[in-house]
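These notes are about the structure you will find just below.
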Amino acid sequence: MAKVKVKKQSTWIDMTAMSDVTVLLLTFFMLTSTFVTPEPVTVTTPSSVSERKIPETDLMTVLVDSNGKIFMSFDNNNDKVNTLRAVGEDYGFNFTPQQLIHFQAQPMFGVPIRSMASFLDSSPETQAEYMKNLTSPRVGIPTEEGEVQDDRGVVSSDNEFKRWVSHAKKANPDLQIAIKADQSTNYPVVRSVMDDLRDLRENRYLLITSLKTASND
Amino acid sequence: MAEVQSNDGGGGGKNKQKKQTLRVDFTPMVDMNMLLITFFMLCTTLLKPQAMNLNLPTKDEVDNQSKNKVKESTAITVLLGAGDELYYYEGMPNPDGSDYENSDFLIQTAYGIGGIRDFLISRNRVAYEEIRQLALQKKNLEITEEEFNEKTKEVQDKARTDNTAPVVIIKPSDLSTFSNMVEALDEMTISNIGSYTIVEMEEGDRHLLYTKTGNVDYLTEQQKADLASS
């Protein structure tokens, strides 16, 4: 019986074209996408028909979770650090350069100023653990009215959130305020945030929403 | 493709070199790229979030404004209730208080087409049609975005002075959610309403909602106490 002669074939596949495609894709992703900023709470924004994009600069985001905890983030590290310094001064806290560097590394912060120094001194793992405990009163920027005594001994009644916003506005007057809240947040929670802002004569906000698609219209 | 043919070039040279093909294996390169793409796909987001502009009156303005609003007959008050419910009334409740006990004064409707949208468009017919024409022109690139915004504003201002456009007052109740508020604001954008505002609920509005639904949670503590004692 004659053997079927199988021709020996080379299995070499030219990967150059494939490589070209992947490099193109990679470039596309690198240029068009932005990194996800980790947020302490997961927030599902409500959908709206608004097609306006959020501005890229001079933006301060106020994140409100469904229980009324407030977190803040800045797009600019300078504003962020200057604001922390000013708020710290109000309450009689000074931060070391090391602490300020750690603060810059925080994508989104929400710690009462009293706990800020010890929070910034701890390791990233401890910080992550700390922020997970969302029911603790030491997570989130406090919005209760309280007495504030500055270094000259002047006592004023104010809440910490308002301090943060007013100092942020002083650090950068062009700052726009964006409110990002969960769609199931009760209205009184949102109202109290907006009331605080309106006390500071801030009455223009951007509400962060996601684009309404045809399917959920 | 990925081969470089190295040829000695000198055709009649003595050292007849063998023609060599230099092939580079791109497989590891592709592997690495794929890994990087996966990383970028997982850790980044392509969609930039949308933002909606909201201008609220400052606290000093509120008092003056609400006084002006009362006089206007074109006012539509939209009340956002619990569980995505929506109510509205036109004009102002009768000063003699009879409307507060009348459960038909407040009209229940729903978000979207067939609900509040149809009603608002019917009240804002003139401006709505004109702005729709403008939007068409913008789509056909006959006018620019700036011209569109400018003309839209003109149309809305004119409609307001002519009293053909309503002034919408949105009053979210304590039982409504943030998404209700955003949705109500969306309806204003869709119906091309130029003047709308978000205002706190007054006791009267709370009572209207209570009369309509029988839900005591709309009332303030004080009102609940009054109700229990009467």
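Note on the range A:164-217: semi-axes of the ellipsoid equivalent to its C-alpha gyration tensor, largest first and rounded to whole Å, are 26, 15, 8.
For the options A:Gln98, A:Gln127, A:Gln106, a Gaussian network treatment of chain A with springs between C-alpha atoms closer than 10 Å singles out A:Gln98 as fluctuating the most.
For the listed residue pairs A:Lys53/A:Lys80; A:Lys53/B:Lys153; A:Lys8/B:Lys18; A:Lys53/B:Lys212; A:Lys7/B:Lys18, the alpha carbons are over 29 angstrom apart in A:Lys53/B:Lys212. Restricting the calculation to alpha carbons of chain B gives Rg and Dmax of 31.9, 120 angstrom.
Estimated from the Cβ-Cβ distance and a Förster radius of 30 angstrom, the FRET efficiency linking A:Glu51 and A:Ser192 is about 0.55. Partner shielding of A:29-38 amounts to 4, given as the average count of beta-carbon atoms from other chains within 10 Å of each residue beta-carbon.
Averaged over the residues of peptide B:178-190, the number of Cβ atoms from other protein chains lying within 10 Å of each residue's Cβ is 6.
Using θ = phi - 60° in the Karplus curve 6.51 cos²θ - 1.76 cosθ + 1.60, the 3J(HN,Hα) couplings for the range A:38-43 round to x, 10, x, 10, 7, 10 Hz; x is entered for Gly and Pro. Between B:Asn149 and A:Thr126, the simple spin-label model (points 7 angstrom out along Cα→Cβ) gives 4.9 nm.
Taking other Cβ atoms within 10 Å as a rough exposure proxy, A:Arg201, B:Arg206 sort from fewest to most as A:Arg201, B:Arg206. Under the rule a/c < 1.5 gives rounded, and otherwise a/b versus b/c splits prolate from oblate, where does the range A:38-192 land using the Cα gyration tensor? Note, shape of the range A:38-192 comes out rounded. A simple spin-label model places the labels of B:Lys48 and B:Gln223 4.3 nm from each other, with each point 7 Å out along Cα-to-Cβ.
Calculated FRET efficiency, A:Glu89 and B:Glu90, Cβ-Cβ r, R0 56 Å, to nearest 0.05? Calculated transfer efficiency: 0.60. Across peptide A:53-64, the mean count of Cβ atoms from other chains lying within 10 Å of each residue's own Cβ comes to 1. Placing pseudo-labels 7 Å out from each Cα toward the beta carbon at A:Gln9 and B:Val24 gives an inter-label distance of 2.8 nm. Per-residue 3J(HN,Hα) values for the range A:7-17, derived from phi via the Karplus relation 6.51 cos²θ - 1.76 cosθ + 1.60 with θ = phi - 60°, read 6, 6, 10, 7, 9, 5, 10, 7, 8, 4, 4 Hz in sequence order (x marks Gly and Pro). Running a GNM on chain A with Cα contacts under 10 Å, which residue among A:Ser123, A:Ser33, A:Ser73 ends up with the highest mean-square fluctuation? Of A:Ser123, A:Ser33, A:Ser73, the Gaussian network model singles out A:Ser33 as fluctuating most.
Summarising the amide proton neighbourhood of A:Ala181: residues at separation of 5 or more, or on other chains, whose placed amide H is nearer than 5 Å comprise A:Val64, A:Ile208. Within straight cross-link reach of B:Lys151, meaning Cα distance under 17 Å, which aspartates and glutamates are found once same-chain residues fewer than 8 apart are removed? Those aspartates and glutamates meeting the cut-off are B:Glu129, B:Glu130, B:Glu142, B:Asp162.
Given axes a ≥ b ≥ c from the Cα gyration tensor, I'd like to know whether the protein assembly as shown is rounded (a/c under 1.5), prolate (a/b larger than b/c) or oblate. Prolate is the answer for the protein assembly as shown, as a/c is 1.5 or above and a/b outweighs b/c. Spatial offset of the range A:4-34 relative to the range A:87-124 amounts to 48 Å, using the alpha carbon center of each.
Considering only beta bridges that DSSP places wholly inside the range A:47-216, some 50 percent are antiparallel.
Read the figures in this text as sums done on the coordinates, not as results from a lab. In this text, all values refer to a predicted model and were calculated from it rather than measured experimentally. Cβ atoms come from the backbone with ideal geometry, glycine included; neighbour counts cover every protein chain shown.
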